1. Give me a count of the residues in the range 179-210 that are without any contact (Cβ under 8 Å) to a residue 40 or more places away in the chain and either of a type in the set (A, V, I, L, M) or assigned to a helix (DSSP H, G or I) (or both).
2. Can you list the strands (runs of 3 or more DSSP E) found entirely within the range 211-300 that contain at least 3 residues being within 17 Å of Pro121 (Cβ to Cβ) and in contact (Cβ under 8 Å) with a residue 12 or more places away in the chain?
3. For the subset of the range 148-178 comprising residues that are assigned to a loop (DSSP other than H, G, I, E, B) and polar (S, T, N, Q), which member is surrounded by the fewest Cβ atoms within 10 Å (Cβ to Cβ)?
4. Considering every residue within the range 131-147, establish whether at least one is within 24 Å of Lys72 (Cβ to Cβ), exposed (fewer than 15 other Cβ atoms within 10 Å of the Cβ) and basic (Lys, Arg).
5. Tell me which residues, restricted to the range 179-223, are among the aliphatic types (A, V, I, L, M) and crowded, with 18+ Cβ neighbours inside 10 Å.
6. Check the range 43-51 and report whether any residue there is among the aromatic types (Phe, Trp, Tyr), surrounded by 16 or more Cβ atoms within 10 Å (Cβ to Cβ), in contact (Cβ under 8 Å) with a residue 24 or more places away in the chain and more than 16 Å from Ser89 (Cβ to Cβ).
Amino acid sequence: MNLILSFVGKLPEYIIDCIYQIRLYYTGTLYLIYDDYSSSLLNEINKFNVILIKYDDVNSDSKERLLKYANKFIETPGLEGRPKLFLTSFERMFLVNELIIKYDLTDNIFMEIDNLIYNNPEKWIEEFSKKEVAYMFHYKEHCSTGILYIKSKTSMKPILDYMIKYIETENDAWVSEMKAFYKFEKSNENYSYIMPSLFEDKKNNIIEKKIYENYSNHVFDPASYGQFLLGFDIFHTAGVIVTGKSNEAFYIVNNRYKIEWQTATDGYKKPYILDENKNEWILINNLHVHSKDLKSGLSI
């Protein structure tokens, strides 16, 4: 198994927290695709046994197929360090795929660097590998690839082809990889494994049943739990991190459920949700940290 991170632009300090947390649970191969070659954070990152992959070594496919459509992506100058968020979020799918092809990697988990994990990702592979890729449903017409499983060097080809077609033919005002993955999944329903993000909620009408169809005894966070426990991006909250709030537009509306931090038997702090059907506390395997305050969610 391989775990892959990617960030185009000035490396933010919270990447250290992301990698630190990974190494609490996972000792295997860890890659980082980056283009901030003079970053002061590289020495610290190297302490965690990370294989550094230069952007220039894996961007030939994105340059050839994607970057000519750069003008179709809305820019986000208000987000510090992320002025081309929508373009770079789209592009990283091509970068990660090129890395996988270059080294013929199998059983890969790509993770956005604003995620914290609370379990060994090697435990997820048996479940995910039932299909070529695995990701989450987030909210109406959006999927989350904050954690994305890619089985092999051929797995992403139909998705990347679809993403290019999506840019060429769709008239979405907000072009994003989240919408492209959603549209792909709806057209290719047997290709992808949808990670469970909630138990079956029998009290509320959940429109998208796929968020719990693969549920067993753990869930993943498409961005809902992370916003609730660690806050919204301060861009949306006047510079102040606000926790304990729910986004009513999401499939998972947090204030409907019991969600809390607990100290596990290994002594690590982890997030849990109460499965009301079993009356059992269930581990949330990751938190997608919208606020970028990863430090407050570290296990130890």
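Where a number appears in this text, it was derived from the coordinates with a stated rule and is not lab data. Please read all numbers here as calculations on a predicted model, not as lab measurements. Cβ: placed from backbone, ideal geometry, glycine included. Neighbour counts: every protein chain shown.
1. Summing the residues that are without any contact (Cβ under 8 Å) to a residue 40 or more places away in the chain and either of a type in the set (A, V, I, L, M) or assigned to a helix (DSSP H, G or I) (or both) in the range 179-210 gives 5.
2. Filter on the range 211-300 gives 286-288.
3. Taking the candidates together, the pick is Asn171.
4. Yes, because at least one residue in the range 131-147 is within 24 Å of Lys72 (Cβ to Cβ), exposed (fewer than 15 other Cβ atoms within 10 Å of the Cβ) and basic (Lys, Arg).
5. Of the range 179-223, the ones among the aliphatic types (A, V, I, L, M) are 180, 194-195, 198, 206-207, 211, 219, 223.
The answer is Ala180, Ile194, Met195, Leu198, Ile211, Val219, Ala223.
6. Within the range 43-51 (the criterion being among the aromatic types (Phe, Trp, Tyr), surrounded by 16 or more Cβ atoms within 10 Å (Cβ to Cβ), in contact (Cβ under 8 Å) with a residue 24 or more places away in the chain and more than 16 Å from Ser89 (Cβ to Cβ)), the answer is no, since none of the residues qualifies.
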